Amino acid sequence: MNLNFPTGLCAERFLAEYWQQRPLLIRNALPGYTSPLDGDELAGLALEESIESRLVLERDGSRPWQAEYGPFDAARFERLPSSHWTLLIQDIEKHLPEVGELLDAFAFLPRWRLDDIMISYAADRGSVGPHVDDYDVFLVQAAGHRRWQIEETGRSEAEYIPDLDLRILPDFDPTQEWLLSPGDLLYLPPHIPHWGLAEGNGCITCSVGYQAPRLDMMALDWCDQTIQRQVPAVRYRDIPLRPQHDSAEIDAEVLSALHADLLGYLQQDPVAFARWFGCHVSEAKAHLQIEPAAVPLDREQFMAEWRMQGSIERNGWSKFLFFPATDERCYLFVSGQAFSLPLQRRSTIALLCSARQLVYSSCMHRFSDQESQELLCSLHNEGHLQFLT
Ligand code: SIN
Ligand code: CO
């Protein structure tokens, strides 16, 4: 699936002129795109414990914009009003990898920036109200129609109506609006006030969300890991001291020597930094932790099983990324772990990151050496690759 940019626009220009900067409506961006799930299937997913779901009722709750959180009972969906409600399901591409085919259209963007695909199903006039998000989002219309209104200028500081379940803007003042039909797409950078109202029943919107990691969280994790790896757990030793004039005074020379020492411990070569980064951005969400395989296999058992089953699938919850490093190694990152292979294995690692399924007959030749077989076997034992039966 490719993104059908309008005449005169391409991925390169989109990145230079719109990405993280300004909104863009693309009519027929995904020609013929239809919703991968219907309303009943989405309601079915909202019954499951491991799936994050929300119902938003603008009018018929005990307060305006009431939010209810899943898992729901099937009976809940029989008591819904005829309009003004929305069901939202997060991380859908992780639970149903086939929905992830939509991501192929956004393959020109770095995968480490992707947070999730959220699907919403709305009755007539259903919405989550006027609000701002702190991420880049592609709002893909998958079924029915939705009217989007936006303020074209971003708000970095937004105020919300107090005491509501949702963060609703009290003073939304749209400057643009469009009615979207299936296949149309609206791109919004962070902080653009927007409101998408379903027009008619059965409005399904897929939000492909790219949430950037927070700088303070990255710094915290990087310092923590670097300290654990590089700073010895020993006590500070004095530099040669001179008698103090005033014992309460902190000596400037002592301080600058210590500062230089501590900064020195935090120095890191680019490969070590890349290893930390790959692990950090491939980390799984707290509620989507992967269970190891029920029956761990050794390398030979694994290869025999792969041949017998014919294929092995990537666990939709696992995040696979790679980095070809300057030390002649190629690093594979899987849900917070780094694996190092020779750089010559780059195309095989890239295949592992892109293929949703590894078919034995067509992929086996890439895994003929012991090291790559061990890698596949560990990925299986840790639950990142799974046999379907
Ligand atoms: C929706 O799909 O109803 C809401 C998506 C959004 O505004 O971010
Ligand atoms: Co939004």
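The values are calculated or read from the model by the stated rules, or taken from the named source; none is laboratory data. What you see is a predicted model, and the numbers here were worked out from it, not measured in a lab. Cβ atoms come from the backbone with ideal geometry, glycine included; neighbour counts cover every protein chain shown. Heavy atoms of the whole protein, side chains included, go into the accessibility calculation; ligands, DNA and RNA do not. Shrake-Rupley method; radii C 1.70, N 1.55, O 1.52, S 1.80 Å.
General observations
- Of residues in the range 263-300 being among the basic types (Lys, Arg) and outside any loop (DSSP other than H, G, I, E, B), the one nearest to PHE322 (Cα to Cα): ARG275
- Of all residues assigned to the range 110-123, none qualifies as being out of contact with any strand residue (DSSP E or B) (no Cβ under 7 Å at 6 or more places or on another chain) and closer than 19 Å to THR34 by Cβ.
- Criterion: among the charged types (D, E, K, R), within 15 Å of ligand 1 (Cβ to nearest atom), within 16 Å of the chain's Cα centre (by Cα) and surrounded by fewer than 17 Cβ atoms within 10 Å (Cβ to Cβ) - qualifying residue of ASP116, ASP134, ASP91: ASP134
- Residue check for LEU45: within 16 Å of ligand 1 (Cβ to nearest atom) and farther than 25 Å from ILE161 by Cβ: yes
- PHE277 open to solvent by less than 60 Å² (accessible area, probe 1.4 Å), away from ligand 2 (no atom under 16 Å from the Cβ) and modelled with pLDDT of 95 or more: yes
- Of the strands (runs of 3 or more DSSP E) lying entirely inside the range 148-215, those containing at least 2 residues that are more than 12 Å from ligand 2 (Cβ to nearest atom), surrounded by 15 or more Cβ atoms within 10 Å (Cβ to Cβ) and not aromatic (Phe, Trp, Tyr) span 194-210.
- Just one residue in the set SER282, SER335, SER347, SER340 is open to solvent by 50 Å² or more (accessible area, probe 1.4 Å) and either small (Gly, Ala, Ser) or modelled with pLDDT under 95 (or both); that residue is SER347.
- Evaluated against (1) under 30 Å from GLN386 (Cβ atoms); (2) under 23 Å from the mean Cα position of the chain (by Cα), THR86 falls short on exactly one condition, (1).
- Selected residue (only one of ILE89, ILE119 is touching a His at 6+ places or on another chain (Cβ under 9 Å) and in the same structural domain as TYR33 (by TED's automatic domain parsing)): ILE89
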